[in-house]
Amino acid sequence: MALTNYSELQTALADWLNRADLDQKIPDFIALAESTLNDVLRSADMVASTTTAITSGRAALPADALEIVYAQVASNEDEPLEQIAPQQLTMLRRTRTRDAGNPRFYAIVGRQLVVTPTPSGSLSLDLDYYQRIPPLASNSTNWLLTDAPHIYLYTSLLHSSPFLMDDARYQVFNNTVSQQVMAAVKSQQTLSY
């Protein structure tokens with residue numbers, strides 16, 4: 001059985017669940033799987049780059065951003081910004097970085113990246129960040145389905161278990177998904193180092 005696109009994954013899930021009455025629920029199981037995997041999986045395939053403008057010491061995070069990997073002022077490639085907690089940013093602004101200048105630190109506040117010192121003019125930030133897994137409902141396929149269809153299948157099956165009130169299967173799928181995600185993360189760590 002091939003699992004190369006959204007339709008094939010839906011068919012596989014229906015076969016694995018051995019139920020003809022779940023066609024309307026299977027897309028929900030897949031969407032829930034993607035949500036779970038966005039929370040736990042970090043892969044080189046998830047890294048995206050963008051440039052965003054700083055306005056009044058703030059820059060909007062990309063809509064699909066999960067986590068910042070690297071940030072730097074676009075015009076100053078030799079000085080990456082250091083991520084700090086919002087409370088530390090507040091303390092720095094009160095004590096050391098009152099004057100305008102080239103940003104050296106940033107904190108994530110809501111869906112914005114806040115920098116200090118606040119630049120006196122317009123600047124842009126280059127960001128590398130982990131982006132959400134492109135949803136199959138609007139993309140037909142993505143890198144995760146291509147590279148690890150088993151993770152998609154088992155995570156979707158995991159989310160079907162509560163709906164089907166199958167506690168025994170939930171434990172089996174939960175253990176399987178945990179092992180597969182840990183193996184994928186370990187593989188990425190090995191690649192990174």
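Looking at Thr4, is it among the β-branched types (Val, Ile, Thr), in contact with a Ser or Thr (Cβ under 9 Å, 6 or more places away or on another chain), within 26 Å of Ser178 (Cβ to Cβ) and open to solvent by 20 Å² or more (accessible area, probe 1.4 Å)?
Judged against the criteria, Thr4 is a match.
Among the listed residues Ala65, Ala71, identify the single one that is among the small types (Gly, Ala, Ser), closer than 13 Å to Ile54 by Cα and crowded, with 17+ Cβ neighbours inside 10 Å.
On inspection, the qualifying residue turns out to be Ala71.
Return yes when Ser156 is assigned to a helix (DSSP H, G or I), under 19 Å from Asp23 (Cα atoms) and either in contact with a Lys or Arg (Cβ under 9 Å, 6 or more places away or on another chain) or in contact (Cβ under 8 Å) with a residue 12 or more places away in the chain (or both) and no when it is not.
It is true that Ser156 is assigned to a helix (DSSP H, G or I), under 19 Å from Asp23 (Cα atoms) and either in contact with a Lys or Arg (Cβ under 9 Å, 6 or more places away or on another chain) or in contact (Cβ under 8 Å) with a residue 12 or more places away in the chain (or both).
Working carefully through the options Val109, Val114, find the one that is modelled with pLDDT of 90 or more and buried (at least 18 other Cβ atoms within 10 Å of the Cβ).
Val114
Take the stretch 110-142 and flag every residue that is without any contact (Cβ under 8 Å) to a residue 40 or more places away in the chain, over 14 Å from Asn5 (Cα atoms) and of a type in the set (S, T, N, Q).
Ser120, the sole residue that qualifies.
Which number in (1) closer than 29 Å to Pro162 by Cα; (2) surrounded by fewer than 13 Cβ atoms within 10 Å (Cβ to Cβ); (3) within 18 Å of the chain's Cα centre (by Cα) marks the one condition that Asp23 misses?
(3)
Being at negative phi and over 25 Å from the mean Cα position of the chain (by Cα), is that true of even one residue in the stretch 130-143?
no
If I filter the stretch 122-153 down to residues being among the aromatic types (Phe, Trp, Tyr) and not in a strand (DSSP E or B), which single residue comes out as farthest from Gln72 (Cα to Cα)?
That would be Tyr152.
Criterion first (closer than 16 Å to Ala12 by Cβ, β-branched (Val, Ile, Thr), in a helix (DSSP H, G or I) and open to solvent by less than 50 Å² (accessible area, probe 1.4 Å)) does Val177 satisfy it?
yes
Does the stretch 87-105 contain any residue that is within 30 Å of Glu34 (Cβ to Cβ) and of a type in the set (Phe, Trp, Tyr)?
No, because not a single residue in the stretch 87-105 is within 30 Å of Glu34 (Cβ to Cβ) and of a type in the set (Phe, Trp, Tyr).
Picking from Asp39, Asp78, Asp45, which residue would you name as being within 21 Å of Met182 (Cα to Cα), acidic (Asp, Glu) and exposed (fewer than 14 other Cβ atoms within 10 Å of the Cβ)?
Asp39
Only one of these conditions is not met by Asp166: (1) at pLDDT 75 or above; (2) open to solvent by less than 40 Å² (accessible area, probe 1.4 Å). Which number is it?
Of everything listed in (1) at pLDDT 75 or above; (2) open to solvent by less than 40 Å² (accessible area, probe 1.4 Å), Asp166 misses just condition (2).
May I ask you to list the residues in the stretch 121-145 that are open to solvent by 60 Å² or more (accessible area, probe 1.4 Å) and either of a type outside the set (S, T, N, Q) or within 23 Å of Thr50 (Cβ to Cβ) (or both)?
Ser122, Arg132, Ala137, Ser138, Asn139
Name the single residue that is least open to solvent (accessible area, probe 1.4 Å) among those in the stretch 48-62 being touching a strand residue (DSSP E or B) at 6+ places or on another chain (Cβ under 6 Å) and of a type in the set (Ser, Thr, Tyr).
This residue is Thr52.
The values are calculated or read from the model by the stated rules, or taken from the named source; none is laboratory data. Note that this is a predicted model, so its numbers are computed, not measured. Positions of Cβ are backbone-derived with ideal geometry, glycine not excepted, and every protein chain shown enters the neighbour counts. Side chains included, ligands, DNA and RNA excluded: accessible areas come from the protein's heavy atoms. Shrake-Rupley method; radii C 1.70, N 1.55, O 1.52, S 1.80 Å.
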